[in-house]
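Structure record follows, encoded as structure tokens.
The values are calculated or read from the model by the stated rules, or taken from the named source; none is laboratory data. Predicted model only: the values in this text are computed from it and were never measured. Reconstructed Cβ throughout: ideal geometry from the backbone, glycine too, with neighbour counts over all protein chains shown. Areas reflect the complete protein model, heavy atoms only, side chains present, ligands, DNA and RNA absent. Shrake-Rupley method; radii C 1.70, N 1.55, O 1.52, S 1.80 Å.
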Amino acid sequence: MRHKVIKFFRDFLDKEGFAEIETPMLTKSTPEGSRDFIVPSRLQPGKFYALPQSPQQYKQLLMASGLEKYFQIARCFRDEDSRGDRQFEHTQLDLEMSFHTQLDLEMSFVEREDVLDLTERMFIKMIEVLFPNKKIQDIPFPRIPYKEAKEKYNSDKPDLRKDKNNTDVLSFCWIIDFPFFQKTEDGGWTFEHNPFSAQRPEFIQDVLNKKNIGKIVANQYDLVLNGMELASGGIRSHDPKVLEKVFEIMGYKKEEIWEKFGHMLTAFQFGTPPHGGIAPGIDRIVTILQNEPNIREVIAFPKTGDGRDFMMQAPSEVDKKQLKELHISITKETKKK
Ligand code: ASP
């Protein structure tokens, strides 16, 4: 079924004019809110690649380069504690599209509409074709602003099914209008979802003036299915001035911003079209549709709860020679742990 779901998405997006493009696995750290897996470089002693937490920056750079519709069945790596719906590596249907519009107040809703509409049509059709016994509770999918979801359901991933045990009913909903920034423990600011999201146009001035930071609303959306977050996405910030301010608000110094994100800021100076996308999680989709309790049931060779590949016995120690080539030494204290 996983094969069929992926094939359905590929064929659907192909018909909609999307091109499937693979982006690198050995890359630079992307700030997606998780810890990176890093890979030592043999040829550049002391330097490291990061495995992508998602292809976020690459897909936006593809939009900057003039590609209009991209997708990829993308493996994403996040070094965070495993749970029933989480593994170190997961697969996303990553997609992004650009828009031939003037970004004004009205148009930014048109753009969001394009992404939500495409995603909704794709899911409805996939379920109709592959899971005809399942019933989608509400079409179109209800849209609930984040604030309302928190007030009404005390959750940003509410399960709207009348009978929560009925696995044949699928209750999709969109959560929209997430706050852009979140307070950090030490009183600074970080992004709530994705630093590359755009703000709703009426808040751009506040970003530029660094005002009312806690009230700034992002043009960011989540797709929720039966109480599980299935996808996250957003219309992106394509104005380098605004993006630079976002990083300033998060406490980065100018040199740091250019060192870390210079490639994005430079690309955006060439006139990047407005663009946006989404990335539904394949493991979670198949888990819910197959009525499985855990994403491990739909992943070939999954890891254990503490992140080990039990069959291969990974992670494992490596030869001294390999470590030497990589300019890495392991201290005694590390070994003992
Ligand atoms: N890169 C985002 C994520 O992995 C998805 C997106 O905004 O398209 O959650």
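Data for the structure
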{"item": "Residue within region 178-188 that is of a type in the set (Val, Ile, Thr) and either in contact with a Cys (Cβ under 8 Å, 6 or more places away or on another chain) or touching a residue at least 12 places away in the same chain (Cβ under 8 Å) (or both) present", "result": "no"}
{"item": "Yes/no for SER29 being under 15 Å from the mean Cα position of the chain (by Cα) and either more than 12 Å from the ligand (Cβ to nearest atom) or in contact (Cβ under 8 Å) with a residue 60 or more places away in the chain (or both)", "result": "yes"}
{"item": "Selection status of GLN72, touching a Pro at 6+ places or on another chain (Cβ under 7 Å), within 16 Å of the ligand (Cβ to nearest atom) and closer than 27 Å to LEU118 by Cα", "result": "yes"}
{"item": "Single condition PRO240 does not satisfy, out of (1) in contact with a strand residue (DSSP E or B) (Cβ under 9 Å, 6 or more places away or on another chain); (2) closer than 29 Å to THR119 by Cα", "result": "(1)"}
{"item": "Number of positions in region 193-213 that are assigned to a loop (DSSP other than H, G, I, E, B), more than 16 Å from the ligand (Cβ to nearest atom) and not basic (Lys, Arg)", "result": "1"}
{"item": "Test: residue in region 173-190 that is within 22 Å of GLN269 (Cβ to Cβ), under 16 Å from the mean Cα position of the chain (by Cα) and within 14 Å of the ligand (Cβ to nearest atom)", "result": "no"}
{"item": "Selection count, region 273-295, where residues are away from the ligand (no atom under 16 Å from the Cβ) and more than 18 Å from ILE73 (Cα to Cα)", "result": "8"}
{"item": "Enumeration of residues in region 32-55 that are within 16 Å of the ligand (Cβ to nearest atom), in contact (Cβ under 8 Å) with a residue 60 or more places away in the chain and in contact with a strand residue (DSSP E or B) (Cβ under 6 Å, 6 or more places away or on another chain)", "result": "SER54"}
{"item": "Region 214-257: number of residues that are within 16 Å of the ligand (Cβ to nearest atom) and small (Gly, Ala, Ser)", "result": "6"}
{"item": "Matching residues, region 154-191, being more than 25 Å from ILE124 (Cα to Cα) and not hydrophobic (A, V, I, L, M, F, W, C)", "result": "ASN154, PRO179, GLN182, LYS183, THR184, GLU185, ASP186, GLY187, GLY188, THR190"}
{"item": "Residues of region 11-32 satisfying the condition of being open to solvent by 70 Å² or more (accessible area, probe 1.4 Å) and assigned to a loop (DSSP other than H, G, I, E, B)", "result": "GLU22, MET25, LEU26, LYS28"}
{"item": "Single condition LYS321 does not satisfy, out of (1) touching a residue at least 12 places away in the same chain (Cβ under 8 Å); (2) of a type outside the set (Ser, Thr, Tyr); (3) not in a loop (DSSP other than H, G, I, E, B)", "result": "(1)"}
{"item": "Residues that are surrounded by fewer than 18 Cβ atoms within 10 Å (Cβ to Cβ) and assigned to a loop (DSSP other than H, G, I, E, B), drawn from region 68-81", "result": "GLU68, ASP79, GLU80, ASP81"}
{"item": "Number of the exception - THR266 against (1) under 20 Å from PRO31 (Cα atoms); (2) within 22 Å of the chain's Cα centre (by Cα); (3) polar (S, T, N, Q)", "result": "(2)"}
{"item": "Selection status of LYS15, within 15 Å of the ligand (Cβ to nearest atom), at pLDDT 95 or above and among the charged types (D, E, K, R)", "result": "no"}
{"item": "Verdict on GLU96 being closer than 30 Å to PRO302 by Cα, touching a Gly at 6+ places or on another chain (Cβ under 9 Å) and modelled with pLDDT of 95 or more", "result": "yes"}
